[in-house]
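The values are calculated or read from the model by the stated rules, or taken from the named source; none is laboratory data. As the structure is a computational prediction, the values presented were derived from the model and not from experiment. Cβ coordinates were reconstructed from backbone atoms using ideal geometry, including for glycine residues, and neighbour counts include every protein chain displayed.
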Amino acid sequence: MPPGLKPLFQTDEPVPTYAEDQYGFPCSGILNPRKAYCPALSGTEEVNTASYTLSIDPNPAVSQIRVHIPADAGAGQIRVFNLSGQQVRFQSFSTASEMTLDLNGLPAGEYHMVLGRYHGRVAKMKG
């Protein structure tokens, strides 16, 4: 082995490098495809499993969608993820009840949208 290099090792329990809020899918996220790697819940904390669904139209869409923002969402940003978990779009907004999100440049497919605890799916058609 060349000098200065450490031997590699394998682990089934990866350790996060950054704080949870820096990841696209935090452990508490509803759409987290990697929940198996999140630490187990400890303590007597109550977990809220209520569904918070975004209203999106038209769905399927070609070039843009309207997202109806829940009244209690406040200001924030909508993040759009492809099925591989990569964030492909985000758009910030202040308090609003509806916003338009541009889908141009995204390939046809299914996408997940996240706005705080709210989530939704949208299908992008070829346009």
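Some points to look at:
- Given (1) at pLDDT 80 or above; (2) in a loop (DSSP other than H, G, I, E, B), number of the condition residue 126 does not satisfy: (1)
- Matching residues in region 101-113 - criterion: being over 12 Å from residue 56 (Cα atoms) and aliphatic (A, V, I, L, M): 103, 106, 108
- Within region 89-112, the set of residues being assigned to a loop (DSSP other than H, G, I, E, B), out of contact with any helix residue (DSSP H, G or I) (no Cβ under 8 Å at 6 or more places or on another chain) and surrounded by fewer than 14 Cβ atoms within 10 Å (Cβ to Cβ) comprises 94, 95, 96, 104, 105, 107, 108.
- Single unsatisfied condition, residue 20 versus (1) modelled with pLDDT under 60; (2) surrounded by 11 or more Cβ atoms within 10 Å (Cβ to Cβ); (3) over 16 Å from the mean Cα position of the chain (by Cα); (4) not β-branched (Val, Ile, Thr): (3)
- Looking only at region 61-88, residues that are in a loop (DSSP other than H, G, I, E, B) and surrounded by 14 or more Cβ atoms within 10 Å (Cβ to Cβ) come to 4 in all.
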